[in-house]
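A.B. asks: Here it is, the structure, as structure tokens.
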Amino acid sequence: MAEYPLEVRDLTVAYHRKPVVQSVNLTLPEGQLVGVVGPNGAGKSTMLKAILGLVPAAAGEVRVFGRPYAAQRSLVGYVPQRGSVDWDFPTDALDVVLMGRYGRLGWFRRPGAKDRELAMECLRQVGMADFANRQISQLSGGQQQRVFLARALAQDARLYFMDEPFAGVDAATEKAIVSLLGALKERGKTVVVVHHDLQTVKEYFDWLVLLNMRLIAFGPTEEVFTAENLQKAYGGRLTQFGAGAAAVLAAAKEA
Amino acid sequence: MDLSWLSVADANTRWVLTGASLLGLSSGVLGSFALLRRRSLMGDALAHAALPGVCIAFLLTGTKNLGLFLVGAAVAGLLGTMAISAITRYSKIKEDSALGLVLTVFFGIGIMLLTVIQRMPGGNQSGLDKFLFGQAAALVGSDVQLMTAIAAGLCLAVFLLFKEFKLLAFDPGFGAGLGLPMGILDLLLNLLILLAVVIGLQSVGVVLMAAMLITPAVAARYWTDRLATMTVLAGLFGAASGALGTLLSQLGPRMPTGPLIVLAATMVFLVSLFFAPRRGLVARLVRFLRLKRQVARETALRAVYELAEGAGDPGAAIGLEELRRRRGITGGGALEALARAGALSPAAPGAWRLTAAGLAEAHRLVREQRLWEVFLMHEGELGGAAVDRDGALVPAALRADLERLLRLHGLEPALSPRSATHTARGEGA
């Protein structure tokens, strides 16, 4: 039997009895770049956090490579939203990347020369090697995002979750992220990315998860990214986006 | 004044100083994490909550024994933290309100118990009120031995769990994703903070103990950008404040040590605030003034260059009025400074022209500026390489591409230093 990188069964998250994510069922194939899209407040980040056990799920089961997530944490890498931490923390870029190694180091052990080398290599892959010793508050937003990506690389996982990595970054960082996603795919990794920009969806992702509290559709991008599905997820809202949305819809129709 | 107490040979003074330094050391070290975890006020709540614990320990045993007091304070503090987390979890009250609530209720109970104890017959209870503002002089050898053991335990725990606590303070969500038990680590950190508070109670008192968690840590943050260094520095600052405050308190009779220790820590903080390199206020002011001056000069030099470029003559005389009208440059200060530096020479009253050195410098500045502009226009296509936005220089890897783009846009500065020598030669001929 094939082991899927991620199987989610009947995942439900509720805040104050109001369901935010309703009975999501997902099975993702290995080695694909998977975009999670949907309107604001559709529960994209919440679903991610519930999968990772960072917010309590009201119901549901998450299996990673065939076993419960709790037993497979070392196979999973996570890039949280940039705004989730205090960037004035007294530490430098390399040190943040080294945090990706903590899970493998075990208790009481400190990162050694080998971990340092690996962390430097991860910084290099996101084009940040020159900033290794820079205090993190002195990095631009995009550079901070790349440090987070490098930290996830240092985890050396097989399944990655990224929460809005493209939000508010400069063009150089966007490019760096895209090439990194490509490199991860080449190495057979599966990457799940919460994304907000419909215009780039077709370009970036092989698979799509379309979410609006409940799962609207999921599957290969060309099958899911249709005008019909988008209307189902975004409703009338999509037309409010104006010309850009019209282009997206047109592109979706062509597909 | 009797200075005999300064003699270190005096065993009692030695104990007291050691105790005060140890409390400063542990609260400084733990305070660093409390501060970065945004738990500074937790220390305040813990300290105030400890008072009823101390009183109940005395009421139950009838003896004044620091070990027992510590147990009482620790239990009460633990109840306080549990109350805070229960309130935040099961009601809509936010953490800061819950902290205030628990702090005041526990402290109120403590004061009430203290009053009851004061009115009890017998003389054994005197000195318990010293827990309010601290009395280091009351420390005896066995107290200090206990404090040493706890302080050593705290430092060892922080040393062993340094990376876990760092992750907890920086990004607990990521830590949980790694599979580290962040909830347990958070509880452990709270427990260690509680112990650091508790061993300081005797010397600093419940009212001001929170300051010993916060102040040395905040002061240490000014001197370094590394957590390890910050933790060690905060410990040292705390220890020094403890010792200094205790020494000061012995200058007068019956002075409470708590306020003096806290004042000593505040002094360390003020020195850090003003004089720390880089983050200190003085260093920042100097840096700001320097930058301001440099920017004013470079702007003025670029303006003179670009006006001369418009005139097509590197030796054109540019008047202050024209600079003000066309480039918004007011005041001749920057221009005079440039003239003193040999970049400009006066052409007429209130007018300047570029010297050969000034032309070379201005050409470089203008070109650099335009390369940046071109870079920003084409950032999307050029991206991928890391760009240091704080750096004054255009990224070296992109320079060749940018220079080509600069020419394509027709933005190459027209007056190159070489063309100036041509002109000069032409004039001479």
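None of the figures in this text is laboratory data; all of them are computed from the coordinates on show. The structure displayed is predicted, hence computed values, not measured ones. Every residue, glycine among them, receives a Cβ derived from its backbone with ideal geometry; neighbour counts consider all protein chains shown.
A.B. asks: Find out how many positive minus negative residues lie around A:ASP206, taking Lys and Arg as positive, Asp and Glu as negative, among other residues whose Cβ is under 14 Å from that of A:ASP206. Present the calculation step by step, with values, prior to reporting the outcome.
C.D. replies: Values: positive: A:LYS185, A:LYS189, A:LYS202; negative: A:GLU30, A:GLU186, A:GLU203, A:GLU222, A:GLU223.
Once positives and negatives cancel, what remains is -2.
A.B. asks: Hey, quick one: spin label on B:ARG279, modelled 7 Å out along Cα-Cβ, who in the stretch B:218-244 has an amide N within reach, i.e. under 16 Å?
C.D. replies: Once the point is set 7 Å along Cα→Cβ of B:ARG279, B:218-238 turn out to lie under 16 Å by backbone N, inside the stretch B:218-244.
A.B. asks: For the stretch B:64-125, which trypsin sites (Lys or Arg not before Pro) are both in a DSSP coil and crowded by at most 12 other Cβ atoms within 10 Å? Don't jump to the answer; show the numbers that get you there.
C.D. replies: Numbers: sites: B:LYS64, B:ARG89, B:LYS92, B:LYS94, B:ARG119; in loops: B:LYS64, B:LYS92, B:LYS94, B:ARG119.
Here the trypsin sites (Lys or Arg not before Pro) that fit, given the DSSP loop and packing criteria, are B:LYS92, B:LYS94, B:ARG119.
A.B. asks: Output the Cα-based Rg and Dmax of the stretch B:23-160 in Å, rounding Rg to one decimal and Dmax to a whole number.
C.D. replies: Calculated on Cα positions, Rg and Dmax stand at 16.0, 48 Å.
A.B. asks: I've got another one for you. Restricting the calculation to Cα positions, tell me the Rg (one decimal) and the Dmax (whole number) of the stretch A:1-137 in Å.
C.D. replies: Over the stretch A:1-137's Cα set, Rg and Dmax evaluate to 17.7, 49 Å.
A.B. asks: Excluding the sites themselves, what is the longest stretch of chain A that contains no chymotrypsin sites (Phe, Trp or Tyr not before Pro) in a DSSP loop with at most 15 other C-beta atoms within 10 Å? Please report the intermediate quantities before stating the final value.
C.D. replies: Values: sites that count: A:TRP107, A:PHE108, A:PHE241.
So the longest stretch without any such site is A:109-240.
A.B. asks: Considering the options B:THR18, B:VAL29, B:ALA220, tell which one lies farthest towards the positive end of the dipole of chain B, charges being +1 on Lys and Arg and -1 on Asp and Glu at the Cβ, about the Cα centre.
C.D. replies: Looking along the dipole axis, the top candidate is B:ALA220.
A.B. asks: Using only alpha-carbon positions, what ratio does the radius of gyration of the stretch A:1-56 give when scaled by 2.2 N^0.38 Å?
C.D. replies: On the way: Rg = 12.2 Å, N = 56, 2.2 N^0.38 = 10.2 Å.
In units of the globular-protein estimate, the stretch A:1-56 measures up at 1.20.
A.B. asks: Hey, another quick one. Tell me the mean residue ellipticity at 222 nm calculated for chain A from its helices only (DSSP H runs of n ≥ 4, each -39500 (n - 2.57), averaged over every residue, nearest 500). Mind dumping the intermediate values first?
C.D. replies: Values: 11 runs with 93 residues, N = 255.
The helix contribution divided over chain A gives -10000 deg cm²/dmol.
A.B. asks: For chain B, what does the relative contact order come out to in percent, with C-alpha contacts under 8 Å and a separation of six or more? Mind showing how you got there, number by number?
C.D. replies: Numbers: 602 pairs, mean separation 77.7, N = 429.
Answer for chain B is 18 percent.
A.B. asks: While we're looking at this one, here's another question. Binning every alpha carbon pair distance of the stretch B:5-86 at 10 Å from zero, what are the percents per bin?
C.D. replies: Here the calculated profile for the stretch B:5-86 is 17, 33, 33, 15, 2, 0.
A.B. asks: When a footprinting reagent is the concern and you count Cβ atoms within 10 Å, what order do B:ARG37, A:ARG187 take, fewest first? Walk me through the intermediate numbers first.
C.D. replies: Values: B:ARG37 19, A:ARG187 8.
Going from least to most buried by this count: A:ARG187, B:ARG37.
A.B. asks: I would also like to ask the following. To the nearest 500 deg cm²/dmol, what mean residue ellipticity at 222 nm is calculated for chain B from DSSP H runs of n ≥ 4 alone, each contributing -39,500 (n - 2.57), summed and divided by the residues?
C.D. replies: Working: 19 runs with 309 residues, N = 429.
Helices in chain B give a 222 nm mean residue ellipticity of -24000 deg cm²/dmol.
A.B. asks: What is the diffusion coefficient of chain B in µm²/s, taking the Kirkwood radius over Cα pairs and the Stokes-Einstein relation at 4 °C with a viscosity of 1.567 mPa s? Don't skip to the end; give the middle numbers.
C.D. replies: Numbers: Rh = 26.5 Å.
This corresponds to a translational diffusion coefficient of 49 µm²/s.
A.B. asks: As an exercise, use a Förster radius of 25 Å and the Cβ-Cβ distance of A:ALA58 and B:MET82 to find the FRET efficiency, rounded to the nearest 0.05. Don't skip to the answer; put the middle values down first.
C.D. replies: Numbers: r = 26 Å, r/R0 = 1.02.
My answer for the efficiency is 0.45.
A.B. asks: Something else about it: Once you average over the residues of A:168-180, how many Cβ atoms of partner chains fall within 10 Å of each Cβ? Walk me through the intermediate numbers first.
C.D. replies: On the way: counts 0, 0, 6, 9, 10, 4, 3, 7, 4, 0, 2, 2, 0.
For this peptide, the per-residue mean of nearby foreign Cβ atoms is 4.
A.B. asks: Where in chain B are the DSSP H helices whose C-alpha atoms run 15 Å or more along the long axis and whose mean Kyte hydropathy is at least 0.0? Write out the running numbers ahead of the final one.
C.D. replies: Numbers: long enough: B:11-36 (38 Å, 1.08); B:40-61 (32 Å, 1.51); B:66-90 (35 Å, 1.62); B:95-118 (34 Å, 1.69); B:141-160 (28 Å, 1.66); B:182-204 (33 Å, 2.26); B:209-221 (19 Å, 1.42); B:227-249 (32 Å, 1.54); B:257-275 (27 Å, 2.21); B:281-311 (45 Å, 0.19); B:356-377 (31 Å, 0.16); B:417-428 (17 Å, -1.39).
Span-like helices, by this rule, are B:11-36, B:40-61, B:66-90, B:95-118, B:141-160, B:182-204, B:209-221, B:227-249, B:257-275, B:281-311, B:356-377.
A.B. asks: Between the stretch B:204-231 and the stretch B:242-294, how far is it from one alpha carbon centroid to the other, in angstrom?
C.D. replies: When both Cα centres are located, 12 Å separates them.
A.B. asks: Around A:LEU184, what is the net charge, scoring Lys/Arg as +1 and Asp/Glu as -1 over all other residues with Cβ under 13 Å from its Cβ? Walk me through the numbers before you get to the answer.
C.D. replies: Details: positive: A:ARG158, A:LYS185, A:ARG187, A:LYS189; negative: A:GLU30, A:ASP156, A:GLU186, A:ASP206.
Neighbourhood net charge equals 0.
A.B. asks: Next up: Bin by bin, in steps of 10 Å, what percent of the Cα pairs in the protein assembly as shown do you find, going until the bin that has the longest distance?
C.D. replies: Percent of pairs per bin, in order: 3, 12, 17, 17, 16, 15, 11, 6, 2, 0, 0, 0.
A.B. asks: Just want to confirm a number: the relative contact order over the stretch A:6-224, from Cα pairs under 8 angstrom separated by 6+ residues, in percent.
C.D. replies: 30
A.B. asks: Provide the three semi-axes, in whole Å and in decreasing order, of the ellipsoid equivalent to chain A as defined by the square roots of 5 times the Cα gyration tensor eigenvalues.
C.D. replies: Details: eigenvalues 187, 96, 57 Å².
Semi-axes (√(5λ), whole Å): 31, 22, 17.
A.B. asks: Let me ask you something else. What is the order of B:HIS409, B:HIS48, B:HIS378, fewest Cβ neighbours within 10 Å to most? Could the numbers behind the result be given before it?
C.D. replies: Numbers: B:HIS409 13, B:HIS48 27, B:HIS378 16.
Exposure proxy ranking, most exposed first: B:HIS409, B:HIS378, B:HIS48.
A.B. asks: Could you work out the local net charge near B:LEU213, counting Lys and Arg as +1, Asp and Glu as -1, over the other residues with Cβ closer than 14 Å to its Cβ? Don't skip to the answer; put the middle values down first.
C.D. replies: Numbers: positive: B:ARG37, B:ARG38, B:ARG39, B:ARG221; negative: B:ASP44.
Once all neighbours under 14 Å are counted, the net charge is +3.
A.B. asks: While we're looking at this one, here's another question. What is the fewest-to-most order of A:THR91, A:THR200 by other Cβ atoms lying within 10 Å of their Cβ?
C.D. replies: Lowest count first: A:THR200, A:THR91.
A.B. asks: Shielding by partners for B:27-37, please: the mean number of other protein chain Cβ atoms within 10 Å of each residue's Cβ.
C.D. replies: 1
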